[in-house]
Amino acid sequence: MSDFDICLMRLPAFPSHHIFAIEFKIHIYQHCLPMKISIIYKLGLVFRLFLISCIICSFASVQAKDILVSSPDGTVRVTVGVRAKKPFYKVDYNKTELIALSHLGFQLDNGLLGNNVKLTEKQVASKDETWNQPWGEEEAVRNHYNELTVCFQEVTGEKRKMNVVFRVFNDGIGFRYILPSIGKDKKYSIQEELTEITLPHDAKAWSIPTNHTEYFEGIYTRSLISEKDTVCTPLTIEYEDSVFMAIHEAALEDYASINLTPRTGNNGQVRLLTALTPWRSGVKVFAEGELKSPWRTIVIGKTAGDLMLSRLMLNLNEPSRIADTSWIEPGRYIGVWWSIHKKQNTWEMGPTHGATTQNVKRYIDFAARHGFSGVLAEGWNYGWGEGEQISYLKPYPDFDIDEVCRYALSKGVRFIGHTETWGNTKLLEQQMDSAFAWYHRLGIRAVKTGYVGHYFDGKELAKSQYGIRHYRKVIETAAKYQIMIDNHEPAMPTGIQRTWPNLMTQEGVRGQEYNAWDVKGGNPPAHTVTLPFTRCLAGPTDFTPAIFNFSEVVKGTHPHSTLAKQLGEFVVIYSPLQMAADAIENYEGQPALTFIESCPTTWSKTVIPNGEIGEYITVARKERNGERWFVGSITNEKARTIDLQLDFLDAGCRYRAVIYEDGPEADYQTNPYPMTIRQEEVTRSSVLRLNLARSGGAAIRIEKTN
């Protein structure tokens, strides 16, 4: 046996996920190669040439081997390489293929990038840090991942480079493109991103269709992925027993929003193809200089609740660019809003105008008495009536904004501004520096923005690069004047609130207002037990819960829930600016209000004791700077009994649980109001039995007693 053969036999058996395995094996080949050549030299010329060519090919194949990178705990593995000169990646989870071979690349204005490449360079890194959020569902966030950056370079032609960065977490992956030099000396455009996410087999998923859902205000429906049209993200997938996935994106900046188009193959695989939201011209992204795409994210969990607890998307965004965040204050607010949707008031000036000085002062008085930090009034400025020119600096004559803001501050409350654009983004951009500076002087610290109108400025989609650029301008300008933003009709959130924590909450959801006027019957009972596993995975959601009066103006239009479920939704659907949406008349003298009065909107810890997509969900949250826990539990149209284990409480401590739950006669269709309020002494080992009516719920406040 030759020295070379002995050398090969002694190669160590590396774990398949070890990122350094390839380099070590190449080193051994290089070390042993001189020994082999010395043996070959003794052979005949023809045979020598044959063996040399075989060895060179063998050495090249080692260099071209796939690269693997694993999560810190080894459960998630990403393989990256080149097949038939095309770049690819694939993902394993717990040693089972989760994402099959999927290609990467772009269709640029001057041809394909990713169709004739080789893998030329790679870098590895890792990070394990903990950072604190100024507000959120948790205070401390662990950011723990292994990173692999690979460079794919074209073999011929311009030899353009395409770098791809993979970050692998214990609960999923994120990857993004970096095009370092294509636009170095010229502008170019992306006609399409060619990213694939290939599932080895079909699966159940929840989604809303891209082409038939305006402002993301749709009902998430379940079907096989193969049966879906192009869908918005997040796309939530129940892939197998104990395997759930959510596909979305993170850090969407100067780029187009992602959509996914399913395509099935003869082998049973389902490919999800990237479909970026286009400009009117059909171009997806205009680029210049180095381009960084958003991160493509795949969150993985054993339960649907695990998806809700992932902070992967936040971790893929950059740290805060606001050095002093002390002025950013989450809180509960009320407003002149539901009464307008219920047709009792109007936005525009007239006999029943809602945003009058006198009416808003009533709301301020109520807010001060019951511990609300803000009061919103829509329709205070010119531009709501037919033919009126929008102005964010000119209030209606019956609304004295200076007096309202002065009065609010004297009561320890702040007025919340509102800038509806009807899609006229240029007008807002022209006025917002002056308007935000004025609001700041008045003591306004939060503004609700709106974009009702299918196209921005009559031409471009809100989800396109055009819209993304506008949203960013608003957030950055608002930060200059210490203004928090509640963005309605947004692009789907992508965790950018880590970078700009003044972006507090966003709509992008079929919200409570559909229960006021939707002639098709409002939101179905399963809606709010589906949202936590779908839309809410993208970020804070301004759904506007806590309706206490279920009377109808349009027949059949009222919340399809019980009163107790409305309380539960206040905890389940997270928003740091959380609106108690009903008119104040409907809160007066209502015992249920005591739960809202006590409930915070920012948390130190969140746990998901139980839940099933579209069926039921329980969320428990611990307040910041305190020891109280708040729990929301809600169900769909099925009544059910839930046994809630309290093992999230501190060991060795006793607590008092105040439970607001459906009364024995409660039913969302026939009698939504009955609710009982009871107390129990509990500990960590206790189990609370909750009786939820059809489309009912429960809300719990748990306080230490020792």
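Do you know which residues across the stretch 514-566 are of a type in the set (S, T, N, Q) and farther than 27 Å from Met308 by Cα?
Asn549, Ser551, Thr557
Among the residues of the stretch 443-473, what is the count of those that are over 22 Å from the mean Cα position of the chain (by Cα), open to solvent by 10 Å² or more (accessible area, probe 1.4 Å) and on the phi < 0 side of the Ramachandran plot?
5
Taking the stretch 301-339 only, how many residues are touching a Cys at 6+ places or on another chain (Cβ under 8 Å) and either within 30 Å of Asn586 (Cβ to Cβ) or of a type in the set (D, E, K, R) (or both)?
Here the count works out to 1.
Quick one: in the stretch 195-215, which of the residues that are of a type in the set (Asp, Glu) and open to solvent by 40 Å² or more (accessible area, probe 1.4 Å) is nearest to Phe88 (Cα to Cα)?
Asp202
Under 8 Å between Cβ atoms, at least 6 apart or on separate chains: pull out the pairs that start in the stretch 616-631 with a residue that is farther than 19 Å from Asp306 by Cβ and end on any residue that is open to solvent by less than 10 Å² (accessible area, probe 1.4 Å) and charged (D, E, K, R).
Trp629/Arg621; Phe630/Arg621
Those residues that are farther than 14 Å from Glu378 by Cα and open to solvent by 10 Å² or more (accessible area, probe 1.4 Å), I need them from the stretch 407-427; list them, please.
Tyr407, Leu409, Ser410, Lys411, Gly412, Arg414, Asn424, Lys426, Leu427
Consider only pairs whose beta carbons are under 7 Å apart and that are at least six residues apart or on different chains; among these, list those whose first residue lies in the stretch 490-519 and is at positive phi and whose second residue is in a loop (DSSP other than H, G, I, E, B).
Here the result reads Gly495/Ala251; Gly495/Leu316; Gly495/Asn317; Gly495/Gly539; Gly508/Pro490; Gly508/Met492; Gly508/Pro493, each pair linking the stretch 490-519 to a residue that is in a loop (DSSP other than H, G, I, E, B).
Conditions first: (1) open to solvent by 50 Å² or more (accessible area, probe 1.4 Å); (2) closer than 17 Å to Ile573 by Cβ. Gln679 passes all but one, so which condition is the exception?
Single failed check for Gln679: (2).
Just wondering, is there one or more residues in the stretch 479-486 that are modelled with pLDDT of 95 or more, on the phi < 0 side of the Ramachandran plot, assigned to a helix (DSSP H, G or I) and out of contact with any helix residue (DSSP H, G or I) (no Cβ under 9 Å at 6 or more places or on another chain)?
There is at least one residue in the stretch 479-486 that is modelled with pLDDT of 95 or more, on the phi < 0 side of the Ramachandran plot, assigned to a helix (DSSP H, G or I) and out of contact with any helix residue (DSSP H, G or I) (no Cβ under 9 Å at 6 or more places or on another chain).
Quick one: Gly379 ticks every box in (1) open to solvent by 10 Å² or more (accessible area, probe 1.4 Å); (2) among the small types (Gly, Ala, Ser); (3) outside any helix (DSSP H, G or I) bar one, so which box is it?
(1)
Residues of the stretch 227-261 being under 17 Å from Thr297 (Cα atoms) and either free of Cβ contacts under 8 Å to residues at least 12 places away in the same chain or of a type outside the set (A, V, I, L, M, F, W, C) (or both), which ones?
If the condition is that a residue be under 17 Å from Thr297 (Cα atoms) and either free of Cβ contacts under 8 Å to residues at least 12 places away in the same chain or of a type outside the set (A, V, I, L, M, F, W, C) (or both), then Thr233, Pro234, Thr236, Glu238, Tyr239, His248, Glu249, Glu253, Tyr255, Ser257, Asn259, Thr261 are the ones that fit.
Is there a residue being modelled with pLDDT of 95 or more and touching a His at 6+ places or on another chain (Cβ under 8 Å) anywhere in the stretch 411-425?
Yes, the conditions are met somewhere in the stretch 411-425.
Looking at the stretch 429-442, can you tell me whether even one residue there is in contact with a Cys (Cβ under 9 Å, 6 or more places away or on another chain), outside any helix (DSSP H, G or I) and surrounded by fewer than 24 Cβ atoms within 10 Å (Cβ to Cβ)?
Checked the stretch 429-442: no residue is in contact with a Cys (Cβ under 9 Å, 6 or more places away or on another chain), outside any helix (DSSP H, G or I) and surrounded by fewer than 24 Cβ atoms within 10 Å (Cβ to Cβ).
Go through the stretch 567-638 and tell me which strands (runs of 3 or more DSSP E), entirely inside it, have 1 or more residues that are open to solvent by 20 Å² or more (accessible area, probe 1.4 Å).
It comes to 603-612, 616-623.
For the stretch 355-376, enumerate the residues that are under 28 Å from Gly522 (Cα atoms) and either in contact with a Gly (Cβ under 6 Å, 6 or more places away or on another chain) or part of a strand (DSSP E or B) (or both).
Within the stretch 355-376, Ala355, Gly374, Val375, Leu376 meet the criteria.
The values are calculated or read from the model by the stated rules, or taken from the named source; none is laboratory data. This structure is a prediction, so every number in the text was calculated from the model and none was measured. Don't worry about glycine lacking a Cβ; one is built from the backbone with ideal geometry, like all the others, and counts go over all protein chains shown. Accessible surface is based on the protein model in full, side chains and every heavy atom, while ligands, DNA and RNA are left aside. Shrake-Rupley method; radii C 1.70, N 1.55, O 1.52, S 1.80 Å.
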